[in-house]
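K.L.:
Dumping the structure here so I can ask a few things about it.
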Amino acid sequence: EQARRKQLRYASFDTSLSVEISDRVALLDRLRTALTDNELYIVLQPKVALKDRRVVGFEALVRWQTKEGQQFSPGEFISLAEASGLIGQLDRQVLKLTCEAIHRLNDEGIFLPVAFNASPTELLVTDYFDKLMQVVDASHVDPCLLELEITETQAMLDYKEIGPKLRNIMALGMKVSIDDFGTGYSSLSHVAQLAATTLKIDRAFVSRLGHSSDGEHIVDMILKLGERFGYSIVAEGIETEEQCQYLVNKDCHVGQGFWFAKPMKIEPLLQWLKDKALAASQPEQTML
Ligand code: C2E
Ligand code: MG
Ligand code: MG
Ligand code: MG
């Protein structure tokens, strides 16, 4: 009986595993067509000055909706794209869409930087930066309006190789953010000389504000590092007024999170910006 049960257990494990694998193969197939059929689009999340809630920039985040209307979030397909080598193409498509969004914003008189995410593994590809600049040049976007976000891990581990290339694009005016800062493998000795303009405090620490002194200590420490070494700091994943106030009191200037705005498609975003400007121009009583 025991042997039979064991057999059964293995059998069910095997089936679910192979289902999982064929799911991933099917998804990969669909992702390939998504890239050729332009099923990917971007949403933009505002970054705001914490003191007065003024918008200071945006982050572009990829979304995928299939022709049949099925929605996938980056968590479901970015790792697959990375593992299959499609990520370079995907990230370039997102950069193109980001440049289009910048033009749309510029048309409305909005000249604020828009960040795009780069898969850390891609940065090591020999012609990554050449291809990036080709897209930027072809789209005639001012590099000052672009910001590259890379996660801490690879940026630190392969610092010698990537650092000079990042400095090149920074020399063109492009900003470079270290995303999810605090979760990677940074050694403190590297923090002083990162080829970056900005550190983004990971959501994991921001969400702990008010609940855990550990979270607070880490946030305090990142803010001090930023001040000491001249990086601007962005706190990501702000979901409450308390988190916002904590950060304001510690002199953190910029934040991003559902408390201020969710990521939006460009047209709703433009409307949101207009409504916000209108509200700001009204005397306070009429807002009540
Ligand atoms: P990220 O770059 O750290 O982006 C922030 C993520 O946090 C986004 O999730 C955003 O929607 C979410 N977020 C923002 N504010 C809040 C908040 O207040 N609370 C909570 N719970 N979440 C918040 P999203 O869009 O699902 O993206 C997840 C990750 O996927 C991104 O993390 C980024 O690493 C990656 N990603 C997104 N777009 C791209 C892309 O075009 N290329 C590459 N390579 N990676 C991308
Ligand atoms: Mg990011
Ligand atoms: Mg992040
Ligand atoms: Mg993140």
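K.L.:
For labels at GLN271 and ILE110 in the simple 7 Å Cα→Cβ model, what's the distance in nm?
P.N.:
Using points 7 Å along Cα→Cβ, the separation is 1.3 nm.
K.L.:
Just to be sure I understand the model, the point goes 7 Å from the Cα along the line to the Cβ. What's the resulting THR36 to ASP130 distance in nm?
P.N.:
Inter-label distance under the simple model: 2.6 nm.
K.L.:
With a cut-off of 14 Å, note down the residues of region 212-227 whose backbone N falls inside the zone around a label point 7 Å from the Cα of GLN245 toward its beta carbon.
P.N.:
none
K.L.:
What trypsin sites (Lys or Arg not before Pro) in region 191-288 are in a loop by DSSP, with at most 15 other Cβ atoms within 10 Å of the Cβ? Walk me through the numbers before you get to the answer.
P.N.:
Working: sites: LYS200, ARG203, ARG208, LYS224, ARG228, LYS250, LYS265, LYS274, LYS276; in loops: ARG208, LYS250, LYS265.
Listed in order of number, the matching sites are LYS265.
K.L.:
If you don't mind, another one. For the pair THR183/GLN65, report the inter-label distance in nm, with labels modelled 7 Å from Cα in the Cβ direction.
P.N.:
Going from the THR183 label point to the GLN65 one covers 2.7 nm.
K.L.:
Using only the alpha carbons of the chain, determine the length spanned along each of the three principal axes and report them from longest to shortest in whole angstroms.
P.N.:
Its Cα atoms span 75, 49, 47 Å along the three principal axes.
K.L.:
Please work out how much length the chain gains when fully extended from ASN168 to LEU27, using 0.36 nm per residue of separation minus the C-alpha to C-alpha distance, in nm with one decimal.
P.N.:
Details: separation 141, 0.36 × 141 = 50.76 nm, distance 3.65 nm.
The span from ASN168 to LEU27 would gain 47.1 nm if fully extended.
K.L.:
Still on this model: Stretch HIS103-ALA192 to full length: gain in nm at 0.36 nm per residue minus the Cα-Cα span? Each step should come with its number before you reach the end.
P.N.:
On the way: separation 89, 0.36 × 89 = 32.04 nm, distance 3.48 nm.
Between HIS103 and ALA192, full extension yields 28.6 nm more.
K.L.:
Please report LEU50, LEU270, LEU188 as a ranked list, fewest other C-beta atoms within 10 angstrom at the top and most at the bottom. Write down the numbers at each step before the final one.
P.N.:
Numbers: LEU50 25, LEU270 18, LEU188 7.
By the 10 Å Cβ count, ascending: LEU188, LEU270, LEU50.
K.L.:
Another one. Using the 10 angstrom Cβ neighbour count as an exposure proxy, how do PHE77, PHE58 rank, fewest first? Numbers along the way, then the final one.
P.N.:
Values: PHE77 23, PHE58 30.
Going from sparsest to densest Cβ surroundings: PHE77, PHE58.
K.L.:
Among GLU76, GLU241, GLU82, which comes first, second and so on when ranked by fewest other beta-carbon atoms within 10 Å? All intermediate terms of the calculation are to be shown ahead of the outcome.
P.N.:
Values: GLU76 12, GLU241 9, GLU82 17.
Listed from fewest to most nearby Cβ atoms, that is GLU241, GLU76, GLU82.
K.L.:
Can you pull out the chymotrypsin sites (Phe, Trp or Tyr not before Pro) in region 97-167 whose DSSP state is coil and whose Cβ has at most 14 other Cβ atoms within 10 Å?
P.N.:
Values: sites: PHE111, PHE116, TYR128, PHE129, TYR159; in loops: PHE111.
Listed in order of number, the matching sites are PHE111.
K.L.:
Okay, moving on. Looking at this model, which pairs from LYS175/LYS262; LYS131/LYS160; LYS131/LYS276; LYS67/LYS200 are more than 28 angstrom apart at the alpha-carbon? Don't skip to the answer; put the middle values down first.
P.N.:
Numbers: LYS175/LYS262 22 Å; LYS131/LYS160 20 Å; LYS131/LYS276 37 Å; LYS67/LYS200 34 Å.
Beyond 28 Å: LYS131/LYS276; LYS67/LYS200.
K.L.:
Now for a different question. Quote the charge dipole size of the chain about the Cα centre in Debye, to the nearest 20; the model charges only the Cβ of Lys and Arg (+1) and of Asp and Glu (-1).
P.N.:
Details: 31 positive and 41 negative charges, 42 e Å.
Computed charge dipole of the chain: roughly 200 debye.
K.L.:
Sticking with this one: How much length is gained on full extension from LEU80 to ARG53, taking 0.36 nm per residue of separation minus their Cα-Cα distance?
P.N.:
Working: separation 27, 0.36 × 27 = 9.72 nm, distance 3.63 nm.
Value of the extension gain: 6.1 nm.
K.L.:
Quick one: Cα convex hull volume of region 17-157, Å³ per residue? Mind showing how you got there, number by number?
P.N.:
Details: hull volume 21.1 nm³, N = 141.
Cα-based convex hull of region 17-157, divided per residue, equals 150 Å³.
Values quoted throughout were computed directly from the atomic coordinates according to the rules given, and no laboratory measurement underlies them. As the structure is a prediction and not an experimental result, all values here were calculated from the model. All Cβ positions, even for glycine, are placed from backbone atoms using ideal geometry, and neighbour counts span all protein chains on display.
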